[in-house]
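The values are calculated or read from the model by the stated rules, or taken from the named source; none is laboratory data. In this text, all values refer to a predicted model and were calculated from it rather than measured experimentally. All Cβ positions, glycine included, derive from the backbone under ideal geometry; neighbour counts span all protein chains shown.
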Amino acid sequence: MTKTLSIVLLLCCLSLAVAQEPTVYATVISTKLFIVGAPNPQTGLFYQKPSEDTVWHHTGATNIRANGVAFGPSSGKKIYIASGNGLHKTTNGGESWKIMTGWEITEVLGVTVDPRNGSNIFISSAYGIYRSTDEGTTWKHVYRGFVSSVRVDHSNSSHLYSSTEDGVIESTDGGNIWKETSLSVKRIRNMRQHPTKANIIFAATEDNGIYRSDNAGKTWVKVEAGVDHATFYTIAFDPSNPDLVYAGGFATGIYRSTDGGRSWKRSFQGLLVDHIHSIVVDPTKSGRVYAATIGDGVYRSDDGGITWRNVGLKGSQVWRVATQEN
């Protein structure tokens, strides 16, 4: 009886562990598997459970340029896709989708949901920033210019940062008014905030490497120790160990930092392509990292970014990878 009970408890624990694994999402904008005259291979949003390893499932509209993905606070039910033809939304976990934007909002490059208030949504686009306060039903154009990302300060939802062609901008009133920070560098491609120290911000730039601010954007310092490349598209912290940081970009492979982003070292064992557009760390398992590549799908590391292997969507240009806890 005791042995049987132990086995049952073990199976329950294993089932719980699997259930707690996050779903991994990847946005595909194109694939080199396209052949003229043949049926188009699917692009758009794909997802998998980590236990599925290399198997990916498609959801949402087919053959769209999916640039980004974000999630509402709804246990996997509300998902947003940023795409070339607008913002797509599901409220039932992907069973049905609806475009939430009109003809005037296109080239949506990213979507951000306020983690404290899911009604507040921000679109970053080639034409600026759009804000919704009603989960995407209506939109207001709050900034004009090429914008690649919007970040909500996790310590204060009224404080936002954005990466633009003209530099890093910020808003302290929830996105109504935007102003430039002191960073004089142009063409900012992405930004990342330290998961626990809100004043620490990193900016990934095109042609100018990585910059760091330790005072919420008031001053910036270029990170140079170990950085031999100029164009970066992504920076990701390990939420369980914020001293472990990853970065990637054009021809960079994967950069790793074990001291919170002060110094870096390249790590690309197993990578068959070195163009990295997005990195995300599994929030439930420190050391499990996913990288979106330009031209060879998604790679995964289970040892903190030291070694890598392809886990599917080969031949695809994957713009974003993201995880959502179930």
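Among the residues of the stretch 286-326, none is identified as surrounded by fewer than 18 Cβ atoms within 10 Å (Cβ to Cβ) and among the aromatic types (Phe, Trp, Tyr). Counting residues in the stretch 183-202 that are within 18 Å of THR258 (Cα to Cα) and of a type in the set (A, V, I, L, M) gives one or more.
Between PHE250, PHE268, which is at pLDDT below 95 and more than 24 Å from ALA198 (Cα to Cα)?
Numbers: PHE250 fails: at pLDDT below 95.
PHE268 is the lone residue from the list that is at pLDDT below 95 and more than 24 Å from ALA198 (Cα to Cα).
Checking each residue in the stretch 141-157 for being farther than 21 Å from GLY249 by Cβ and either touching a Cys at 6+ places or on another chain (Cβ under 6 Å) or surrounded by 14 or more Cβ atoms within 10 Å (Cβ to Cβ) (or both) picks out HIS141, VAL142, TYR143, GLY145, VAL152, ASP153, HIS154, SER157. Of the residues LYS197, LYS218, only one is basic (Lys, Arg) and closer than 16 Å to GLY167 by Cβ; which? Sole residue among the options that is basic (Lys, Arg) and closer than 16 Å to GLY167 by Cβ: LYS218. Selection of first residues in the stretch 261-289 that are aromatic (Phe, Trp, Tyr) and of second residues that are buried (at least 16 other Cβ atoms within 10 Å of the Cβ) and outside any loop (DSSP other than H, G, I, E, B), restricted to Cβ pairs under 9 Å at least 6 apart or on distinct chains, gives the following pairs, ordered by first then second residue: TRP264/ILE210; TRP264/VAL223; TRP264/VAL245; TRP264/ALA247; TRP264/TYR255; TRP264/ARG256; TRP264/SER257; PHE268/ILE254. Of all residues in the stretch 59-85, those satisfying the criterion of being touching a Ser or Thr at 6+ places or on another chain (Cβ under 9 Å) and in a strand (DSSP E or B) are THR59, ALA66, ASN67, GLY68, VAL69, ALA70, ILE79, TYR80, ILE81, ALA82, SER83. Kindly establish whether ARG131 is among the charged types (D, E, K, R), outside any loop (DSSP other than H, G, I, E, B) and touching a Leu at 6+ places or on another chain (Cβ under 7 Å). When the stated conditions are applied, ARG131 does not pass them.
Just for the stretch 158-182: of the residues that are charged (D, E, K, R) and assigned to a strand (DSSP E or B), which one is surrounded by the fewest Cβ atoms within 10 Å (Cβ to Cβ)? Please lay out each step first, then the result.
Restricting attention to the stretch 158-182, the residues satisfying the condition of being charged (D, E, K, R) are 165-166, 170, 173, 179-180.
Then drop every residue that is not assigned to a strand (DSSP E or B), which leaves 170, 179-180.
Values: GLU170: 19, LYS179: 8, GLU180: 13.
Going through the qualifying residues, I end up with LYS179.
Among the candidates VAL111, VAL55, the residue that is of a type in the set (A, V, I, L, M), closer than 20 Å to VAL24 by Cβ, in a loop (DSSP other than H, G, I, E, B) and touching a residue at least 12 places away in the same chain (Cβ under 8 Å) is uniquely VAL55. Among the residues here, ASN120 does not qualify as in contact (Cβ under 8 Å) with a residue 60 or more places away in the chain and either buried (at least 17 other Cβ atoms within 10 Å of the Cβ) or among the charged types (D, E, K, R) (or both).
Among the residues of the stretch 226-282, count how many are of a type in the set (A, V, I, L, M, F, W, C) and touching a Pro at 6+ places or on another chain (Cβ under 8 Å). Please lay out each step first, then the result.
Within the stretch 226-282, the first condition is being of a type in the set (A, V, I, L, M, F, W, C), and the residues that meet it are 227, 230, 232, 235-237, 244-245, 247, 250-251, 254, 264, 268, 271-273, 276, 279-281.
Restricting the remaining residues to those that are touching a Pro at 6+ places or on another chain (Cβ under 8 Å) gives 237, 281.
Number satisfying all stated conditions: 2.
Within the stretch 140-162, residues that are over 22 Å from MET100 (Cα atoms) and modelled with pLDDT under 95 have Cβ atoms under 8 Å from residues that are surrounded by fewer than 15 Cβ atoms within 10 Å (Cβ to Cβ) and among the basic types (Lys, Arg) in these pairs: SER157/ARG116, counting only partners at least 6 apart in sequence or on another chain. The strands (runs of 3 or more DSSP E) found entirely in the stretch 265-326 that carry 2 or more residues being farther than 25 Å from LYS78 by Cα are 265-267, 298-301.
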